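Before any comments, here is the structure.
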Amino acid sequence: MGSTSAQHNGGLGRRDVIKRSAAIGLITVPTMSFLASCASSDSGSDNKVEKGEKSAKNPLGVNATAPLDFVLFDGGFGTEYATDAVKQYEKAFPEAKVTFTPTQKIQSQLQPRFNGGTPPDLIDNSGAEQMDMGVLVGKKQLADLTPLLDAPSYDDPAKKVRDTLRPGVVEMGQFDGDPVWIMYYAYTVYGVWYSQTALDKLDAEYPEDWDAMLALCEKAKKKGIAGWTYAGKYPYYIPFSLYPFIGKIGGREVLDAIDNLEPNAWKNPAVKSAFEAYYELFKKGYILQGTPGLDHIQSQTAWTEGKALFIPNGSWVENEAAKTTPADFQMKVAAPSGLDSSDKLPFGTIWASGGEPFIVPSKAKNPDGGMEQLRIMLSEASSKNFTTKVKSLTSFNGGTDGLTLSTALQSGVDALAKAGDNVLNPRLQDWYAALQKEKIGVGVLGEMMAGRMTPAEAMNKAQEYADAAAKDSSIKHYKHQ
């Protein structure tokens, strides 16, 4: 998910995750044409620039005069953090010409270049037009980033880059074995977002179990406030709180089985309990009227206007919703409320993982330069710059010392501390983007939360879609190791 992504992610985008923005038609058709093209794209030149001389200041052996071509997704995080990092690259290599291109049309602009064998050296592959990661890896379109990870970190030569990253970041970039194909730059905390001010007005605390959640939603309803809203047009945001809810109820192995496309994974009792709990929000009238017709920006705006207490989202939301957020809103994130005391994992279990996926194409002319730009971005100074400007954490494990954090960012830091080892990282959105977004997100969760599908029907349909993906020989399949 990428950053505005609808997300974004998307990126799973998104952040994009998933990001989080555009019509499903934009995701589907271009993706398929991209896959087909990549499968046979042997045209173009594989000529790399000559390597430079390795040194303590240039551990990757970057050619000091070679051009660098950097394409960035221009979403919720903006571009300033990246242009600041580019200036550091230009300072280190003053003879190198850097071409920096921000865009929201990642796939539209880059598909012809991939097909022609002339991709950029570094890409922030995020947003609604995010290229399918699983396909890129399967078609050998990406360079292995292990040389970057094993290089000395920018701040401390005694530490490798990989040793400066937050838990799970390296693993997220792996798909099948040791190679690391993606460097997720942002570190996203997913969960249930709320206004502390709104809860204070109701004399309420964040609910830790589902009975307390329903009671609070009923209390809010009597005041004319909805319990929940979500991005109804892009219901693949719902998993940001639903998936860790499932994992909390049944354990992380339930989510692993779903990721692995195992038979009957979607029929697990934990999935049933979670679906029924969320469906109860619809049945009891606790979802903001009109939510199924709202996009991510509209639902976030309704939430910041106080029309609903809770919204499932990722930590890019603070920056993305800044223009409509009241000064006294006190934005915060929390782990999903549990079901009851029988849950396998404790309250605080949360989904947090890398977001804003950066890739170096296998046919890039200057892959060393692309990796060096990432090494600069993973320094403490660049990390603090990103956090200060876009109010989100990076994958650099630190970068907040000495900073005054907003309530939203501080709540994310606190949520990670509370979770401890109970941080979940579902991979469905990374491994099978179309299945996660279009099938499960829109075709199942969107229908269920709008009341057009019962939980039992939703479980069956999700399993049907997963089984079809498992049998589809045209896509590469991945498994938790």
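The values are calculated or read from the model by the stated rules, or taken from the named source; none is laboratory data. All of these numbers come straight from a predicted model, not from anything done at the bench. A quick note on method: Cβ atoms are made from the backbone with ideal geometry, for glycine too, and the neighbour counts reach across all protein chains shown. All accessible areas refer to the heavy atoms of the entire protein, side chains included, with ligands and DNA or RNA removed. Shrake-Rupley method; radii C 1.70, N 1.55, O 1.52, S 1.80 Å.
State whether the residues of region 396-410 include one that is of a type in the set (S, T, N, Q) and buried (at least 23 other Cβ atoms within 10 Å of the Cβ).
No.
Got a number for residues in region 437-481 being at pLDDT 95 or above, open to solvent by less than 30 Å² (accessible area, probe 1.4 Å), of a type outside the set (A, V, I, L, M) and more than 20 Å from Y286 (Cβ to Cβ)?
3
For region 206-257, give me the residue count where each residue is over 16 Å from W351 (Cβ atoms), part of a helix (DSSP H, G or I) and of a type outside the set (D, E). Let's see the steps before the verdict.
Within region 206-257, the subset over 16 Å from W351 (Cβ atoms) is 206-229, 231-235, 257.
Next cut, part of a helix (DSSP H, G or I) only: 210-221, 235, 257.
Remaining after also requiring of a type outside the set (D, E): 210, 212-217, 219-221, 235, 257.
Final tally of qualifying residues: 12.
State all residues of region 81-115 that are under 14 Å from Y185 (Cβ atoms) and surrounded by fewer than 18 Cβ atoms within 10 Å (Cβ to Cβ); if no residue qualifies, say none.
D84
Looking only at region 156-177, filter to residues that are among the aliphatic types (A, V, I, L, M) and not in a loop (DSSP other than H, G, I, E, B); which one of those is modelled with the lowest pLDDT?
Residue satisfying both the conditions and the ranking: M172.
Looking at region 319-342 only, could you name the residues that are open to solvent by 20 Å² or more (accessible area, probe 1.4 Å) and in contact with a Lys or Arg (Cβ under 9 Å, 6 or more places away or on another chain)?
N319, E320, A322, L339
Being within 23 Å of T79 (Cα to Cα) and in contact with a strand residue (DSSP E or B) (Cβ under 6 Å, 6 or more places away or on another chain) is true for just one of F396, F310, F358, F347. Which residue is that?
Result of the check over F396, F310, F358, F347: F358.
Give me the pairs, please: first residue somewhere in region 241-267 and at positive phi, second residue anywhere and crowded, with 20+ Cβ neighbours inside 10 Å and not in a loop (DSSP other than H, G, I, E, B), beta-carbon distance under 6 Å, and either six or more positions apart or on two chains.
Within 6 Å, the pairs are L261/A466.
Within region 167-185, can one find any residue that is open to solvent by 10 Å² or more (accessible area, probe 1.4 Å), over 25 Å from S362 (Cα atoms) and of a type outside the set (K, R)?
Within region 167-185, one or more residues are open to solvent by 10 Å² or more (accessible area, probe 1.4 Å), over 25 Å from S362 (Cα atoms) and of a type outside the set (K, R).
Mind counting the residues in region 252-298 that are of a type in the set (D, E) and surrounded by 20 or more Cβ atoms within 10 Å (Cβ to Cβ)?
So the answer is 1.
Looking at region 38-144, what helices (runs of 4 or more DSSP H) fall wholly within it and have at least 1 residues that are in contact with a Cys (Cβ under 8 Å, 6 or more places away or on another chain) and closer than 30 Å to S474 by Cα?
Ranges flagged: 106-115, 133-138.
Just to check your reading of the model, which residue among T188, T146, T164 is β-branched (V, I, T), surrounded by fewer than 18 Cβ atoms within 10 Å (Cβ to Cβ) and on the phi < 0 side of the Ramachandran plot?
Result of the check over T188, T146, T164: T146.
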